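The values are calculated or read from the model by the stated rules, or taken from the named source; none is laboratory data. Computed from a predicted model, the values in this text were never measured in an experiment. Every residue, glycine among them, receives a Cβ derived from its backbone with ideal geometry; neighbour counts consider all protein chains shown. Please note that ligands, DNA and RNA were not included when accessible areas were found on the heavy atoms of the full protein model with its side chains. Shrake-Rupley method; radii C 1.70, N 1.55, O 1.52, S 1.80 Å.
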Amino acid sequence: MHPATLLVAAQALLQGAEAGKPGKPFECCTRLSSALPNRVFLAGSSSYLDLNSHRWSNTTILSPSCIVTPETAQEVSLVVRTLTKGSGCSFAVKSGGHNSNPRFNNIDNGVTVDLKRLNTARLSADKSYVTLGAGTNMGQAYAAVANTGYAFPGGICDGVGVGGIATGGGQSFFMPKVGWVVDNVLKYEVVIASGQVVTASKNIRPDLYKALKGGATNFGIVTKVDIAAFPHDGFWGGQLIVPATKLTNTQVLERVSNFTALNNEHVDAAIMIMGLYGHDGHRIVDIGLASTDNTSNPEVLAPFFDVGPKILNTVGHKSLVNFVHEVTQPMPDGLRVQTATLTVKNDLETLKRIQGITDSIYEQIKGQVPNLDWMFSYNPQPKVLTTHAATRGGNSLGLEGADHDSILWWLVPRWTDAASDAIVHAAVKSWVDQVQQVANELGTADPFIYNNHAAYFQKPMCGYGTETLKFLRAVSKKYDPHQVFQKLVPGGHKVSTKC
Ligand SMILES: Cc1cc2nc3c(=O)[nH]c(=O)nc-3n(C[C@H](O)[C@H](O)[C@H](O)COP(=O)(O)OP(=O)(O)OC[C@H]3O[C@@H](n4cnc5c(N)ncnc54)[C@H](O)[C@@H]3O)c2cc1C
Ligand SMILES: *[C@@H]1O[C@H](CO)[C@@H](O)[C@H](O)[C@H]1NC(C)=O
Ligand SMILES: *[C@@H]1O[C@H](CO)[C@@H](O)[C@H](O)[C@H]1NC(C)=O
Ligand SMILES: *[C@@H]1O[C@H](CO)[C@@H](O)[C@H](O)[C@H]1NC(C)=O
């Protein structure tokens with residue numbers, strides 16, 4: 001071996017060995033401040049306090065040593081180069097900040113890279129795609145296509161970030177028709193561990209491109225994405241809110257199960273169900289309905305109108321931006337949230353048993369957790385949605401060629417006091433264990449775990465399957481030879497996690 005090569009190899013080894021004990025956070029922040037003056041806010045400064053206190057979930061308010069807010073891909077590159085020098089510095093990456101897992105988008109004694117300034121959002125001149133900065137939120141992104149006659153798939157809440165959605169998966173009302181959001185990403189601009197700003201698309205670095213589509217925060221910091229747009233002239237849809245009783249819960253489950261099968265042919269229809277057992281004693285089911293081609297009263301959605309009585313009915317013709325704004329109203333930020341998820345085959349008996357588990361865990365803890373809102377959502381995953389990946393170079397969710405329809409459950413409890421964290425976390429863990437057990441027992445388990453909804457203790461990458469995980473690990477080694485995003489970035493579900 002040439003001496004220079006040997007030296008590089010030795011340095012790499014040393015770096016690997018020391019990656020377990022990253023550099024002193026204060027020194028990291030000082031170095032960062034000299035590299036990027038005006039972009040770094042040290043603990044205690046007013047900008048730091050402002051950035052660190054306004055968060056979607058208060059469970060993500062931690063004590064980073066400093067927060068850096070780069071404005072361009074070149075600045076993100078400088079941040080990465082600075083943080084990976086020598087033994088490196090621990091850091092966290094935040095886009096919309098809607099992941100509630102503590103330490104996923106923030107860090108104690110490290111650097112938080114807040115991408116909020118990467119907020120470009122524009123429709124291309126030929127209207128075939130949108131270019132979105134990773135720190136753009138969905139409200140800003142949809143506003144960029146308002147009144148253009150075009151739309152694109154994205155998260156269904158104003159504050160959700162492009163960064164998380166465009167790397168984690170992305171469920172939307174357009175899902176049956178166009179697939180996951182990641183299936184519609186034409187191009188990523190990403191800063192890899194070396195600090196290089198690179199492009200990943202179907203033709204350029206296709207391995208990285210495919211890995212990013214579901215592989216989340218394992219390969220670099222995404223700075224910009226192009227997402228395919230399509231002609232769209234408004235929705236017909238809205239929310240039907242009904243009291244949640246044993247009867248209505250069952251009626252909704254029956255309709256969701258039937259609808260999911262039909263959704264394979266009726267791809268212009270979509271639903272999103274959210275149950276809410278509020279701290280004020282009210283229990284409701286919010287049935288979100290959408291006819292994405294603007295057809296009024298499609299027959300396939302009619303059964304949902306039989307569930308009643310209606311507390312609220314907002315169904316009508318509306319724009320994408322207004323629809324998403326409407327759905328965002330019941331989801332204020334600044335509370336404590338801990339989500340978890342599991343996917344099961346579309347089987348009514350299984351759905352009823354999961355509803356039972358969800359209800360009984362709520363009954364056990366409601367008296368112990370002040371201001372608890374127990375929220376849960378379950379949404380159709382017709383197998384048609386897995387057919388959209390292949391034409392654009394595949395995704396890494398491990399779903400291609402699914403032979404069954406599924407239902408994706410999302411548990412989203414929220415509360416106010418840190419003193420209740422342990423009780424809620426234990427309840428969420430118990431929900432996952434019990435649901436998994438029922439699905440195993442009934443033979444309706446589905447290994448898929450949506451990583452954007454998964455709790456910190458779940459292992460979504462393992463659910464992608466052995467082949468996919470092997471691929472993701474190989475791509476990680478190729479583009480991140482020193483494993484910066486596995487070792488220096490503790491946040492997020494890691495491909496290196498043992499299954
Ligand atoms: C109210 C609400 C509504 C939601 N609605 C939807 C929905 O309609 N559809 C859906 O699919 N999901 C939805 N979600 C889930 C959502 O997809 C996840 O919370 C997702 O993680 C949010 O992305 P973010 O950028 O806001 O999050 P962040 O917390 O900022 O990031 C999430 C993770 O991704 C990493 N990350 C963020 N940006 C980058 C980047 N640029 N490069 C590399 N890694 C990055 C972070 O380090 C972190 O680990 C919703 C969540 C909430 C709370
Ligand atoms: C969330 O944290 C912020 C910042 O500390 C605080 O102002 C707010 O009151 C908290 N929210 C709740 C519900 O406690
Ligand atoms: C949707 O359909 C309604 C009723 O046919 C029509 O008035 C409206 O212009 C259409 N488009 C939009 C964007 O609402
Ligand atoms: C669901 O579909 C089955 C089979 O077609 C039918 O018997 C049942 O009535 C439907 N349930 C509802 C609530 O529409």
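Numbers at a glance
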quantity	calculated
Selection from 167, 111, 407, by position along the positive dipole direction of the chain (Cβ)	111
Vicinal HN-Hα couplings computed from phi for the stretch 152-164 (Karplus, 6.51 cos²θ - 1.76 cosθ + 1.60; Hz; Gly/Pro x)	8, x, x, x, 9, 6, 3, x, 4, x, 5, x, x
Relative contact order of the stretch 354-439, pairs being alpha-carbon contacts under 8 Å that are 6 or more residues apart, as %	42 percent
Degrees separating the helix 348-365 axis from the principal Cα axis of the chain, which is the longest one	70 degrees
Mean ellipticity per residue at 222 nm, deg cm²/dmol - from DSSP H runs of n ≥ 4 across the chain, formula -39500 (n - 2.57)	-9500 deg cm²/dmol
Per residue value of the accessible surface for the chain (all protein chains in place, 1.4 Å probe), Å²	39 Å²
Among the listed pairs 246/429; 224/429; 213/470, those beyond 26 Å (Cα-Cα)	224/429
Which of 456, 432, 330, positive extreme of dipole for the stretch 235-458 (C-beta unit charges)	330
Förster-model FRET efficiency, 56 Å R0, residue 297 and residue 85, C-beta, rounded to 0.05	0.35
Cα Rg, Dmax, the stretch 306-351, angstrom units	15.8, 36
Debye intensity ratio I(q)/I(0), log10, the chain, q values 0.09, 0.10, 0.13 Å⁻¹ (C-alpha model)	-0.60, -0.75, -1.29
Charged-residue dipole, Cβ positions (Lys, Arg, Asp, Glu), the stretch 384-496 about Cα centre, Debye nearest 20	620 debye
Protection proxy ranking, peptides 68-75, 308-315, 196-203, average beta carbon neighbours within 10 Å, highest first	68-75, 196-203, 308-315
Cα gyration tensor shape of the stretch 121-187, rounded if a/c is under 1.5, else prolate or oblate by comparing a/b with b/c	rounded
Distance between the stretch 224-285 and the stretch 142-185 - C-alpha centres, whole angstrom	17 Å
Whole-Hz couplings from phi, Karplus 6.51/-1.76/1.60, listed for the stretch 316-328; x for Gly and Pro	x, 8, 7, 8, 4, 5, 6, 4, 5, 4, 4, 5, 6
Euclidean distance of C-alpha centroids, the stretch 381-435 and the stretch 72-86, integer Å	33 Å
Rg over Rh [alpha-carbon atoms, Kirkwood Rh] for the stretch 446-499	0.96
Cut-off under 5 Å, modelled amide H: who pairs with residue 197 long-range	none
Cα gyration tensor, the stretch 342-499 - rounded (a/c under 1.5), prolate or oblate	oblate
Integer Hz, Karplus 6.51/-1.76/1.60 couplings in order for the stretch 427-441, x for Gly and Pro	5, 5, 5, 5, 4, 4, 4, 5, 5, 4, 5, 4, 5, 4, 4
Global size of the stretch 407-499 as Cα Rg and Dmax, reported in angstrom	15.8, 44
Lys, Arg +1 and Asp, Glu -1 on Cβ, resulting dipole of the stretch 235-458 about Cα centre, debye, nearest 20	260 debye
Student exercise, the chain dipole from Lys, Arg, Asp, Glu Cβ charges, in Debye to nearest 20	1580 debye
Whole-percent carbon and sulfur share, accessible surface of the chain, 1.4 Å	55 percent
The stretch 207-263: chymotrypsin sites (Phe, Trp or Tyr not before Pro) in DSSP loop, at most 11 other beta carbons within 10 Å	none
Of 85/202; 127/202; 383/487; 187/478, pairs whose Cα-Cα distance is over 29 Å	85/202; 383/487
Two-decimal Rg to Rh for the stretch 297-425 - Kirkwood Rh, Cα set	1.01
With Cα atoms, 0 to 90° folded angle of helix 3-18 axis to the chain main axis	50 degrees
